[in-house]
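Visitor: Quick one: this structure, given as structure tokens, is what I'll be asking you about.
The values are calculated or read from the model by the stated rules, or taken from the named source; none is laboratory data. None of these values were measured; they are calculated from a predicted model. Note that we place each Cβ from the backbone using ideal geometry, even for glycine, and neighbour counts take in every protein chain shown.
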Amino acid sequence: MANRWKNDLGDRDVTPEAVYMTRRQWMAGAAGLGLVGAGRAARAEVPEPNAWEDITSYNNYYEFGTDKGDPARHAHRLTVQPWTVRIDGLVDRPGAYDFADIMARMTIEERIYRFRCVEAWSMVVPWNGFELADLLDMAGVQAGAKYVAFETVLRPEEMPGVRYPVLDWPYVEGLRLDEARHPLTIMATGIYGRDIPNQNGAPLRLVVPWKYGFKSIKSVVRITLTEAEPATSWNKANPREYGFYSNVNPEVDHPRWSQATERRIGGGLFAGREPTLMFNGYADEVAGLYAGMDLKTYF
Ligand SMILES: Nc1nc2c(c(=O)[nH]1)N[C@H]1C(S)=C(S)[C@@H](COP(=O)(O)O)O[C@H]1N2
Ligand SMILES: [Mo]
């Protein structure tokens with residue numbers, strides 16, 4: 001399995017760690033000062049790296065609150081050690097897998113994946129992680145399985161946001177099995193060579209680089225192989241706006257805004273909007289998964 005994955009992005013493409021760490025300030029500054037669309041900023045303008053506590057000051061992790069600053073404020077309360085992932089459903093070896101055991105049993109080394117990631121903002125982040133397919137193989141996927149369902153930990157005593165019914169807890173996500181087995185689909189365990197901070201989904205978080213960020217479910221405690229398409233949190237909350245697939249696709253607008261362009265940060269504070277790439281730039285690798293499908297229907 002060692003060479004299944006090919007990395008098309010190099011170190012020079014990576015959003016500087018300092019920019020990633022302080023993205024809230026970058027965004028606030030760029031928007032507030034009306035600098036959007038100007039030329040490229042020099043590297044020298046990259047701010048000093050903050051302390052690790054400040055790294056991820058701008059997150060979506062609604063279990064800790066809906067404000068972008070809430071996860072950084074509250075996620076330290078999440079106990080991430082020990083951590084157990086239940087793998088069940090249509091697998092040969094269902095069970096509660098200890099995260100440390102999973103890491104020890106992974107037949108491949110953890111690798112660095114420099115993926116473009118996109119939501120309202122796009123960045124290239126070097127994730128540490130391993131292919132989800134390797135984890136699925138560990139449990140042994142049965143022939144009838146067609147989908148993979150994921151569930152985030154639900155601990156009201158550690159997660160102040162789950163008091164509010166903004167989403168139907170626990171947070172759940174899903175992929176078709178072939179998407180899940182694609183070598184670009186990873187379980188991330190680190191960012192910039194360090195453990196993933198809690199607010200980014202410690203200790204184990206899905207990353208699917210050709211889909212919008214909300215598909216990247218955090219702090220996964222359960223993975224279920226199913227025959228039927230599983231429910232996903234954002235689709236349940238607003239089926240008109242969020243589909244099961246949620247592939248990055250400039251031709252399919254969000255009902256309330258165009259997705260034809262995106263802001264890229266890290267190329268420079270003043271980087272302007274760029275056209276959104278089909279499948280976030282991974283079309284060569286993943287378009288085949290959707291051959292013959294109407295992506296406006298299956299959005
Ligand atoms: N459990 C859980 N996972 C989640 C979310 C969440 O609220 N809860 N938010 C999603 C959304 S909307 C996005 S954009 C990404 C944000 O990841 P980041 O904070 O690491 O950028 O996480 C996704 N995973
Ligand atoms: Mo999001």
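Visitor: Against the condition among the hydrophobic types (A, V, I, L, M, F, W, C) and touching a strand residue (DSSP E or B) at 6+ places or on another chain (Cβ under 9 Å), how does A143 come out, does it pass? First the steps, then the outcome.
Guide: Values: among the hydrophobic types (A, V, I, L, M, F, W, C): yes; touching a strand residue (DSSP E or B) at 6+ places or on another chain (Cβ under 9 Å): no.
So A143 fails the test.
Visitor: Since P47 meets every condition but one in (1) at pLDDT below 95; (2) under 22 Å from V208 (Cα atoms), which condition does it not meet?
Guide: (2)
Visitor: Okay, moving on. Just to be sure I understand, how many residues within the range 68-97 are surrounded by 14 or more Cβ atoms within 10 Å (Cβ to Cβ), in a loop (DSSP other than H, G, I, E, B) and not β-branched (V, I, T)?
Guide: 6
Visitor: Out of P209, P230, which single residue is part of a loop (DSSP other than H, G, I, E, B), more than 25 Å from Q81 (Cβ to Cβ), more than 10 Å from ligand 1 (Cβ to nearest atom) and at pLDDT below 95?
Guide: Values: P230 fails: at pLDDT below 95.
After applying the criteria, what remains is P209.
Visitor: For the subset of the range 204-238 comprising residues that are away from ligand 2 (no atom under 16 Å from the Cβ) and within 13 Å of the chain's Cα centre (by Cα), which member is farthest from V124 (Cα to Cα)? It would help to see each step written out before you state the result.
Guide: Keep residues of the range 204-238 that are away from ligand 2 (no atom under 16 Å from the Cβ), which gives 204, 220-231.
Next cut, within 13 Å of the chain's Cα centre (by Cα) only: 204, 220.
Numbers: L204: 19, V220: 22 Å.
Checked the range 204-238; the qualifying residue farthest from V124 (Cα to Cα) is V220.
Visitor: Can I ask one more? For V148, indicate whether it is of a type outside the set (S, T, Y), within 14 Å of ligand 1 (Cβ to nearest atom) and in contact (Cβ under 8 Å) with a residue 60 or more places away in the chain. Write out each step before concluding.
Guide: On the way: of a type outside the set (S, T, Y): yes; within 14 Å of ligand 1 (Cβ to nearest atom): no; in contact (Cβ under 8 Å) with a residue 60 or more places away in the chain: yes.
No: the conditions fail for V148.
Visitor: Which one of I217, I223 is at pLDDT 95 or above, within 11 Å of ligand 1 (Cβ to nearest atom) and either surrounded by 22 or more Cβ atoms within 10 Å (Cβ to Cβ) or not in a helix (DSSP H, G or I) (or both)? Give the derivation first.
Guide: On the way: I223 fails: within 11 Å of ligand 1 (Cβ to nearest atom).
One residue alone meets the criteria, I217.
Visitor: Hey, any hits in the range 137-156 for a residue that's of a type in the set (D, E), at pLDDT 95 or above and farther than 27 Å from A287 by Cβ?
Guide: So far as the range 137-156 goes, yes, one or more of its residues are of a type in the set (D, E), at pLDDT 95 or above and farther than 27 Å from A287 by Cβ.
Visitor: While we're on this one: Do you know which of the residues in the range 54-92 that are basic (K, R) and more than 16 Å from ligand 2 (Cβ to nearest atom) is nearest to M159 (Cα to Cα)? Break it down stepwise before answering.
Guide: Within the range 54-92, the first condition is being basic (K, R), and the residues that meet it are 68, 73, 77, 86.
So of that shortlist, the ones also more than 16 Å from ligand 2 (Cβ to nearest atom) come out as 73, 77, 86.
Numbers: R73: 11, R77: 7, R86: 20 Å.
Residue satisfying both the conditions and the ranking: R77.
Visitor: Another question about this same structure. Determine which single condition V286 fails, assuming it passes every other condition in (1) under 26 Å from A139 (Cα atoms); (2) within 16 Å of ligand 1 (Cβ to nearest atom); (3) β-branched (V, I, T).
Guide: Unmet for V286, out of (1) under 26 Å from A139 (Cα atoms); (2) within 16 Å of ligand 1 (Cβ to nearest atom); (3) β-branched (V, I, T): (2).
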